[in-house]
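Let me begin by presenting the structure, written as structure tokens, before commenting on it.
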Amino acid sequence: MTEHPRDTPQFYLTAPSPCPYLPGREERKVFTHLVGERAPQLNDVLTHGGFRRSQSIAYRPACEHCRACVSVRIVAADFKDTRSFRRLRQANQDLIGDMRAAVPTAEQYSLFRAYLDSRHSDGGMADMTVLDYAMMVEDSHVRTRVVEYRRRGPDTAIHGRGQGPLYAVALTDVLADGLSMVYSFYEPDEPQRSLGTYMILDHVAKARAMGLPYVYLGYWVDGSPKMDYKRRFLPQERLAPQGWERVED
């Protein structure tokens, strides 16, 4: 029997299941565990290779007859502002995103629950309990942060935190070369704020301030309406068989 070092990643392939993005298709994923001291470095390498993280698992689509899922990252330093993006930032100038330790709270779960019930009541995460949510946040062996968005207060300029109720939350990994947005959710009763888009814009600003070149958005799926929004953030790089390719428009 062949023995492997404990910190050597082992990869596994899932059984086929219905594709959540393209009707009538099936998906398969290759995955490995992100554990141990080398987990942060492994997460960096795998993210560069098109993997995504979910708790202590890194996964990537491995569908036999489909390559529609394409990893996308925004080039933060060259990000092209648009009139609609500027209007959106103006509409949310009363908010501030506080990047803090990945610690789940009852307030976060309450917002998470409201978001799921309003936007994804029939999705795969619809039955997540408070314990499931806590695991989603805490079960990480990499550098993970929670970004909480609240209204600015009189002391925000001093400590960088907002006050009052939560408007949005992003679970974000800090990589060697960027910020990877693992999952985000927001107040469903504030549609005029377009909080999902605003959080991406704020992460671009945060990456710039931290000297990080990229914001990783996960997969763009050509032909999937719910993934089409990722095309708006330019310039971006998309992972092709020959490596990352820059897209300007």
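The figures follow:
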| item | result |
| --- | --- |
| Qualifying residue in segment 72-82 (condition: surrounded by fewer than 16 Cβ atoms within 10 Å (Cβ to Cβ), farther than 29 Å from residue 247 by Cα and in contact with a Lys or Arg (Cβ under 7 Å, 6 or more places away or on another chain)) | no |
| Answer from 68, 62 - the residue that is touching an Asp or Glu at 6+ places or on another chain (Cβ under 6 Å), among the small types (Gly, Ala, Ser) and open to solvent by less than 60 Å² (accessible area, probe 1.4 Å) | 68 |
| Neighbours by Cβ (under 8 Å, 6+ apart or cross-chain): first from segment 1-25, at pLDDT 85 or above and assigned to a loop (DSSP other than H, G, I, E, B); second aromatic (Phe, Trp, Tyr) and open to solvent by less than 100 Å² (accessible area, probe 1.4 Å) | 11/31; 14/31 |
| Residue that is nearest to residue 197 (Cα to Cα), among those in segment 78-97 that are of a type in the set (Asp, Glu) and touching a residue at least 24 places away in the same chain (Cβ under 8 Å) | 94 |
| Hey, residue 90 closer than 20 Å to residue 178 by Cα, open to solvent by 70 Å² or more (accessible area, probe 1.4 Å) and in a helix (DSSP H, G or I) or not | no |
| Options 237, 245: the member that is among the acidic types (Asp, Glu), in contact with a Lys or Arg (Cβ under 7 Å, 6 or more places away or on another chain) and either at pLDDT below 95 or open to solvent by less than 40 Å² (accessible area, probe 1.4 Å) (or both) | 237 |
| Options 73, 60: the member that is assigned to a strand (DSSP E or B) and in contact (Cβ under 8 Å) with a residue 40 or more places away in the chain | 73 |
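The values are calculated or read from the model by the stated rules, or taken from the named source; none is laboratory data. Fair warning: this is a prediction, and the values are worked out from it, not measured in the lab. All Cβ positions, even for glycine, are placed from backbone atoms using ideal geometry, and neighbour counts span all protein chains on display. What goes into the accessible areas is simple: the full protein's heavy atoms, side chains included, and nothing from ligands, DNA or RNA. Shrake-Rupley method; radii C 1.70, N 1.55, O 1.52, S 1.80 Å.
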